[in-house]
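Chemist: I have a structure I would like to understand better, so I am pasting it below and will then ask my questions one at a time.
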Amino acid sequence: MITVRFDGGSVVVEGGEVFLGSSVIPAYRYSEVLERLREAGAEFRDEASESPLCPHLESSYEPRDYQSEAVEAWARAGCRGVVVLPTGAGKTVVAIKAMERLQASTLVVVPTLVLVEQWRETLQSAFKIPVGSLGGGSEDIRPVTVSTYDSAALRAGSLGNRFKLIVFDEVHHLPAQTNRRIATGYTAPYRLGLTATLSEDEEALVDLADLVGAVVYEKAVEELAGRHLSGYTVRTVQIPLAPEERAEYERQYSIYRGFLQRRGLRIRSPRDYLRFVQSSGVDPEARRALLARNAAMDLALNSGAKIQYLSRLLESNPASKTIIFTRHNKLVYRISREFLIPSITHQTGREEREEILSKFRDGTYRRIVTSQVLDEGVDVPDASMAVILSGTGSSREFIQRLGRILRKREGKEAVLFELVSQDTAETRMSRRRKGA
Amino acid sequence: MLPVELVRARRRKDSLTALFADKEKLGLSKTVIAVHRESVEKSRAELSDALSRCEELGYDYRLVRGLSAVLEPRCIFQSRSVAPPPEVRTALFTEAAALPVVKPHDRIRIVSEVAAHLGVGPGDVEESMYADLEEEARLTDFRPPTPEEHLRLYNYALTVTVLSHSVRMDIRYQGRDDRIEKIAGGLGKATVKAGKTTIIDVTLRPLRQLSLRAARVDSLLARLLGTVDWEIAADVAYPPRYREPRRFELSRRIHGGILEADAVEKEEVVIEITPRQKKSSLGDPVVLEESAERLGLTVSEIKARIAAERTRYLDLGGVMMSRGKLGELKEALKGALDDRLKTYQGILKAHGCRNPVPVLYALGYDVEWAQRSGDSRVFRLGGRKATD
């Protein structure tokens with residue numbers, strides 16, 4: 001008789017063939033293996049799955065119409081697929097309703113330790129059951145467990161057959177090489193991916209479709225703003241550089257431009273830029289050009305004029321809970337020192353970060369300055385103003401940052417200020433991130 | 001080892017040549033050493049800026065940074081603050097929160113008030129505010145090598161980094177050395193042919209954690225350098241994006257004089273098994289929850305006691321330890337000869353950790369637990385993103 005076993009992230013078929021090219025198959029194709037065996041009418045014993053009995057999962061959450069639609073669409077696709085909803089639209093509720101529907105052991109995978117705690121608390125309070133957690137020193141495996149991507153990848157070999165459903169929060173992280181191990185090393189036949197922003201990279205999308213399932217439901221910010229999310233305005237403010245900054249910017253940028261012209265190079269895509277950066281490793285002139293470009297961008301992104309504008313903005317909006325975003329930590333600390341505003345970066349300890357967020361939540365603090373740590377995931381309710389002092393050209397980053405201020409509150413009209421140094425390369429970056 | 005992005009190597013046909021630093025680089029070595037010497041009492045950020053200026057001299061930035069990277073174990077960085085930085089920040093932010101925006105005159109007043117409240121000067125408040133940031137740490141001690149030694153250390157680190165990307169190694173040396181055989185066995189499947197010349201053929205396990213692999217390669221190479229007529233021929237998959245391995249060859253005859261393992265690191269591990277600093281009453285490191293339970297206190301009370309200590313502790317998320325201890329443990333763990341949890345627990349216990357597993361987690365490691373405790377393995381997690 002054919003036996004199907006789980007072995008360290010793979011499914012092993014012993015005593016027969018399933019025509020999948022090998023007798024050792026990546027664990028994520030487990031259901032396909034069973035399907036093939038059934039189709040062939042083969043007699044087999046399935047010893048692969050060891051998922052524990054799951055307690056009854058029922059919550060009192062009342063889903064909004066679009067959340068119900070998302071769960072329906074996912075169920076119609078065989079309980080596999082990706083749901084794309086803006087930040088603040090309640091992706092967690094979609095996961096909870098999907099779990100209620102399946103009543104199966106579930107692993108929720110999230111990118112950060114902060115999110116492990118957030119999800120664990122939410123699921124415990126929703127289902128009134130103890131929820132396990134994995135990562136950051138915690139090793140508590142239960143029928144419903146929340147794990148970081150790192151820990152789930154490391155434990156694929158031993159935990160890969162313990163869950164029937166995997167929920168991937170911020171699923172756009174999944175195609176990264178180390179994270180793929182979670183998708184390929186777990187047998188879970190049911191998979192739900194959640195994100196606010198999917199990659200535009202087609203290769204990554206095809207990858208996601210294979211590992212999790214296709215996009216089954218999608219709603220953009222504009223579709224939910226006003227009714228389910230706060231109404232919002234984006235104001236892009238062009239700020240001229242100070243004369244001395246302008247002179248230095250032109251000097252540095254012309255070194256970069258001159259290099260491109262001399263070499264007949266054109267930077268038309270991220271790939272072109274990557275090639276230029278790679279060439280700077282072996283070509284001293286390219287290295288000088290790269291450093292000059294960085295210096296120019298540093299001036300544009302972190303200009304003194306922006307800081308002055310920020311000061312006026314804060315003064316004229318004293319009551320608005322505000323998150324200030326920058327691209328680099330250096331600027332975070334400059335603003336924190338100058339305006340005595342609490343900062344959160346990757347160097348902020350967990351306890352201090354929680355204290356800052358908690359004080360922001362209860363209104364003790366009304367401003368936070370951060371680089372990219374709060375771009376996604378972290379639950380920061382009720383901010384009504386965001387100021388992007390600097391960022392990248394990524395539309396995902398822009399949407400995530402906008403999402404930080406969109407949680408619905410009666411009478412709230414969110415506003416996002418984007419400060420851009422006029423007539424610099426930053427203006428192109430600003431257009432790119434807004435998809436203009 | 002060097003950070004991978006600083007490796008200088010040339011691929012030609014089927015071979016890979018590491019671009020070692022030769023005597024022509026002695027001038028640059030002297031400059032880099034001088035920059036470090038002159039940066040004593042300055043912050044890490046200032047040291048980094050000074051090194052960037054060396055790059056402007058026209059040298060390959062990978063060489064400049066690589067030469068600097070091998071000096072890191074010879075530097076002691078310490079953060080200096082009169083008051084605990086998180087306490088200073090909380091006081092400043094709370095005081096400032098009442099204002100719509102803090103203008104320069106408001107700032108002077110708030111800093112003075114907080115200083116008075118903490119019983120320190122306004123300058124101390126400014127200095128302490130972000131003193132716990134990595135880039136604010138001050139270089140307090142630097143043990144310079146000679147420029148010749150510096151270049152040999154660089155070449156050695158470059159070799160370790162390149163060899164760490166091997167898929168196969170052929171090692172030869174005169175006589176027998178059980179230690180080399182044992183370390184080679186830790187890298188993968190090793191076949192040993194003993195004779196006048198020992199030949200070890202190692203097929204390395206797939207690369208999972210570069211730092212762990214590099215620690216083993218480092219031990220192997222350091223030991224091998226002490227043997228007679230050694231040779232290594234390795235099939236190296238570097239850069240990792242090129243799947244086809246290339247041949248990298250080293251021998252005592254050609255490379256013997258240009259490579260040197262840094263004895264400083266090894267010396268430090270031995271010395272610091274007996275901690276130099278007087279231990280605090282709570283110990284160092286302190287696993288907060290474990291200590292609270294053991295002493296019948298709350299975590300906040302434990303933290304308050306730590307804050308009252310003369311030594312400043314870093315908060316690594318549930319584990320507090322002094323910067324000195326952090327460096328000591330990081331160095332000690334680099335010497336682990338295999339990835340078994342027991343090995344790591346042994347090292348940490350030898351360095352005074354009562355409860356090693358939370359400390360491992362705090363240091364950025366993760367444990368792959370196995371049913372038999374002897375089979376549990378330790379992994380190094382990449383970067384700091386896991387806590388973001």
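The values are calculated or read from the model by the stated rules, or taken from the named source; none is laboratory data. Values in this document were obtained by computation on a predicted structure and should not be read as measured data. Virtual Cβ from ideal backbone geometry, glycine too; neighbours counted across all protein chains shown.
Chemist: Output the residues belonging to segment A:377-426 that are outside any loop (DSSP other than H, G, I, E, B) and among the basic types (Lys, Arg). Write out each step before concluding.
Modeler: Kept after step one, since they are outside any loop (DSSP other than H, G, I, E, B), are these residues of segment A:377-426: A:385-388, A:395-403, A:413-421, A:425-426.
Answer for segment A:377-426, where residues must be outside any loop (DSSP other than H, G, I, E, B) and among the basic types (Lys, Arg): A:Arg396, A:Arg401.
Chemist: Something else now. Please go through segment B:52-75 and pick out each residue that is among the basic types (Lys, Arg) and either at pLDDT 85 or above or crowded, with 20+ Cβ neighbours inside 10 Å (or both). Lay out the reasoning, then the answer.
Modeler: Step one: filter segment B:52-75 for residues among the basic types (Lys, Arg), giving B:53, B:62, B:65, B:74.
Listed by number, the residues that qualify are B:Arg62, B:Arg65, B:Arg74.
Chemist: Filter segment B:217-243 down to the residues that are more than 18 Å from B:Tyr154 (Cα to Cα), in contact with a helix residue (DSSP H, G or I) (Cβ under 8 Å, 6 or more places away or on another chain) and buried (at least 17 other Cβ atoms within 10 Å of the Cβ) and list them by number.
Modeler: B:Thr227, B:Trp230, B:Glu231, B:Ile232, B:Ala234, B:Val236, B:Tyr238
Chemist: Could you list, ordered by first residue, the pairs with Cβ atoms under 6 Å in which the first is in segment A:103-115 and closer than 11 Å to A:Ser147 by Cα and within 10 Å of another protein chain (Cβ to nearest Cβ) and the second is assigned to a helix (DSSP H, G or I) and not aliphatic (A, V, I, L, M), at least 6 apart or interchain?
Modeler: Taking only residues 6 or more apart or on different chains, the pairs are A:Pro111/A:Tyr149; A:Pro111/A:His173; A:Leu113/B:Thr387.
Chemist: Which ones in segment A:33-66 are surrounded by 15 or more Cβ atoms within 10 Å (Cβ to Cβ) and of a type in the set (D, E, K, R)?
Modeler: Passing the criteria: A:Arg36, A:Asp46, A:Arg64.
Chemist: Taking strands (runs of 3 or more DSSP E) that fall entirely within segment A:76-173, which contain at least 2 residues that are farther than 23 Å from A:Tyr217 by Cβ?
Modeler: A:132-135, A:138-140, A:144-148
Chemist: With B:Ala91, B:Ala97 as the choices, which residue is free of Cβ contacts under 8 Å to residues at least 40 places away in the same chain, surrounded by 14 or more Cβ atoms within 10 Å (Cβ to Cβ) and touching a strand residue (DSSP E or B) at 6+ places or on another chain (Cβ under 9 Å)? Step through it out loud before you land on a result.
Modeler: Values: B:Ala91 fails: touching a strand residue (DSSP E or B) at 6+ places or on another chain (Cβ under 9 Å).
Going through B:Ala91, B:Ala97 in turn, the sole match is B:Ala97.
Chemist: All but one of (1) surrounded by fewer than 23 Cβ atoms within 10 Å (Cβ to Cβ); (2) within 13 Å of chain B (Cβ to nearest Cβ); (3) among the β-branched types (Val, Ile, Thr) hold for A:Thr122; which doesn't?
Modeler: A:Thr122 satisfies every listed condition except (2).
Chemist: Any idea which residue in segment B:184-212 is farthest from the chain's Cα centre (by Cα), counting only those that are among the β-branched types (Val, Ile, Thr), buried (at least 19 other Cβ atoms within 10 Å of the Cβ) and under 27 Å from B:Glu244 (Cβ atoms)? Lay out the reasoning, then the answer.
Modeler: Going through segment B:184-212, the residues among the β-branched types (Val, Ile, Thr) turn out to be B:191-192, B:197-200, B:202-203.
Filter again for buried (at least 19 other Cβ atoms within 10 Å of the Cβ), leaving B:198, B:200, B:202.
So of that shortlist, the ones also under 27 Å from B:Glu244 (Cβ atoms) come out as B:200, B:202.
Details: B:Ile200: 29, B:Val202: 27 Å.
In this case the residue turns out to be B:Ile200.
Chemist: Kindly indicate the residue of segment B:337-357 that is in contact (Cβ under 8 Å) with a residue 40 or more places away in the chain and crowded, with 20+ Cβ neighbours inside 10 Å and also nearest to the other protein chains (Cβ to nearest Cβ) among those meeting that condition.
Modeler: Filtering segment B:337-357 down to residues in contact (Cβ under 8 Å) with a residue 40 or more places away in the chain leaves B:337-339, B:350-355.
Narrowing the set further to residues that are crowded, with 20+ Cβ neighbours inside 10 Å leaves B:339, B:351, B:353.
Numbers: B:Asp339: 12, B:His351: 19, B:Cys353: 14 Å.
Taking the candidates together, the pick is B:Asp339.
Chemist: Would you call A:Val24 of a type in the set (A, V, I, L, M), under 25 Å from A:Leu154 (Cα atoms) and within 24 Å of the chain's Cα centre (by Cα)? Give the derivation first.
Modeler: Numbers: of a type in the set (A, V, I, L, M): yes; under 25 Å from A:Leu154 (Cα atoms): yes; within 24 Å of the chain's Cα centre (by Cα): no.
Answer is no for this residue.
Chemist: Let me ask something else about it. Any idea which of (1) at pLDDT 95 or above; (2) within 23 Å of A:Tyr186 (Cα to Cα) is the one A:Pro55 doesn't satisfy?
Modeler: Answer for A:Pro55: the failing condition is (1).
Chemist: Would you mind stating whether A:Glu285 is within 26 Å of A:Ser371 (Cα to Cα) and of a type in the set (Asp, Glu)? Please lay out each step first, then the result.
Modeler: Details: within 26 Å of A:Ser371 (Cα to Cα): no; of a type in the set (Asp, Glu): yes.
For A:Glu285, the condition - within 26 Å of A:Ser371 (Cα to Cα) and of a type in the set (Asp, Glu) - is not met.
Chemist: Any chance you could count how many residues in segment A:245-302 are part of a helix (DSSP H, G or I), exposed (fewer than 13 other Cβ atoms within 10 Å of the Cβ) and in contact with an Asp or Glu (Cβ under 9 Å, 6 or more places away or on another chain)?
Modeler: So the count comes out to 1.
Chemist: Output the number of residues of segment A:169-181 satisfying the condition of being buried (at least 20 other Cβ atoms within 10 Å of the Cβ) and more than 14 Å from every other protein chain (Cβ to nearest Cβ).
Modeler: 5
Chemist: Condition (residue is of a type in the set (A, V, I, L, M, F, W, C) and more than 24 Å from the chain's Cα centre (by Cα)) applied to segment B:174-182: is it met by at least one residue?
Modeler: If we filter segment B:174-182 for residues that are of a type in the set (A, V, I, L, M, F, W, C), which is where we start, we get B:180.
After this cut, where a residue has to be more than 24 Å from the chain's Cα centre (by Cα) as well, the list is none.
No: segment B:174-182 contains no residue that is of a type in the set (A, V, I, L, M, F, W, C) and more than 24 Å from the chain's Cα centre (by Cα).
Chemist: Going by the structure shown, is A:Ser158 crowded, with 23+ Cβ neighbours inside 10 Å and within 14 Å of chain B (Cβ to nearest Cβ)?
Modeler: Details: crowded, with 23+ Cβ neighbours inside 10 Å: no; within 14 Å of chain B (Cβ to nearest Cβ): yes.
Here the answer is no, as A:Ser158 does not meet what is asked.
Chemist: Only one of (1) in the same structural domain as A:Cys79 (by TED's automatic domain parsing); (2) in contact with a strand residue (DSSP E or B) (Cβ under 7 Å, 6 or more places away or on another chain) is not met by A:Val206, so which one is it?
Modeler: Exception for A:Val206: condition (2).
Chemist: How many of the residues in segment A:331-348 are of a type in the set (D, E, K, R) and more than 25 Å from B:His105 (Cβ to Cβ)? Give the steps one after another, and end with the answer.
Modeler: If we filter segment A:331-348 for residues that are of a type in the set (D, E, K, R), which is where we start, we get A:334, A:337-338.
Applying the additional criterion that residues be more than 25 Å from B:His105 (Cβ to Cβ) yields none.
Qualifying residue count, segment A:331-348: 0.
Chemist: Being hydroxyl-bearing (Ser, Thr, Tyr) and within 14 Å of another protein chain (Cβ to nearest Cβ) is the filter; apply it to segment B:100-158 and report the residue that is surrounded by the most Cβ atoms within 10 Å (Cβ to Cβ).
Modeler: Here the answer is B:Ser128.
Chemist: Moving on to the next point. If a residue has to be at negative phi, part of a loop (DSSP other than H, G, I, E, B) and surrounded by fewer than 18 Cβ atoms within 10 Å (Cβ to Cβ) to count, how many in segment A:208-244 make the cut?
Modeler: Here is the first cut: in segment A:208-244, the ones at negative phi are A:208-212, A:214-225, A:227-244.
This time we only want the ones that are part of a loop (DSSP other than H, G, I, E, B), so: A:212, A:214, A:219-220, A:227-228, A:230, A:240-242.
Now drop any that are not surrounded by fewer than 18 Cβ atoms within 10 Å (Cβ to Cβ), which leaves A:214, A:220, A:227, A:240, A:242.
Selection size over segment A:208-244: 5.
Chemist: Let me ask another. Do you know which of the residues in segment B:73-94 that are in contact with a Leu (Cβ under 9 Å, 6 or more places away or on another chain) and within 11 Å of B:Ile110 (Cα to Cα) is farthest from the other protein chains (Cβ to nearest Cβ)?
Modeler: B:Ala91
Chemist: Next question, about the same structure. Quick one: A:Ile341 ticks every box in (1) buried (at least 21 other Cβ atoms within 10 Å of the Cβ); (2) in contact (Cβ under 8 Å) with a residue 24 or more places away in the chain; (3) assigned to a helix (DSSP H, G or I); (4) outside the structural domain of A:Gly264 (by TED's automatic domain parsing) bar one, so which box is it?
Modeler: Just one mismatch for A:Ile341, condition (3).
Chemist: Assess whether B:Gly327 counts as being at pLDDT 75 or above, more than 11 Å from chain A (Cβ to nearest Cβ) and under 17 Å from the mean Cα position of the chain (by Cα). Explain how you work it out, then say what you get.
Modeler: On the way: at pLDDT 75 or above: yes; more than 11 Å from chain A (Cβ to nearest Cβ): yes; under 17 Å from the mean Cα position of the chain (by Cα): yes.
Criteria met by B:Gly327.
Chemist: With free of Cβ contacts under 8 Å to residues at least 24 places away in the same chain, within 21 Å of A:Leu389 (Cβ to Cβ) and not polar (S, T, N, Q) as the only criterion, which of A:Arg257, A:Arg268, A:Arg312 stands out? Reasoning before the result, please.
Modeler: Details: A:Arg257 fails: within 21 Å of A:Leu389 (Cβ to Cβ); A:Arg268 fails: within 21 Å of A:Leu389 (Cβ to Cβ).
A:Arg312 is the lone residue from the list that is free of Cβ contacts under 8 Å to residues at least 24 places away in the same chain, within 21 Å of A:Leu389 (Cβ to Cβ) and not polar (S, T, N, Q).
Chemist: Turning to a different aspect of this structure: Take residues that are β-branched (Val, Ile, Thr), without any contact (Cβ under 8 Å) to a residue 60 or more places away in the chain and touching a strand residue (DSSP E or B) at 6+ places or on another chain (Cβ under 8 Å) and tell me which of the strands (runs of 3 or more DSSP E) falling wholly in segment B:194-260 contain 1 or more. Working first, answer last.
Modeler: On the way: elements: B:197-204, B:231-236, B:246-251.
So the answer is B:197-204.
Chemist: Looking only at segment A:138-155, filter to residues that are more than 10 Å from chain B (Cβ to nearest Cβ) and of a type in the set (S, T, N, Q); which one of those is surrounded by the most Cβ atoms within 10 Å (Cβ to Cβ)?
Modeler: Selected residue: A:Ser147.
Chemist: Out of B:Ala157, B:Ala115, which single residue is small (Gly, Ala, Ser) and under 30 Å from B:Leu259 (Cβ atoms)? Show your work before the answer.
Modeler: Numbers: B:Ala115 fails: under 30 Å from B:Leu259 (Cβ atoms).
Only one candidate passes the filter, namely B:Ala157.
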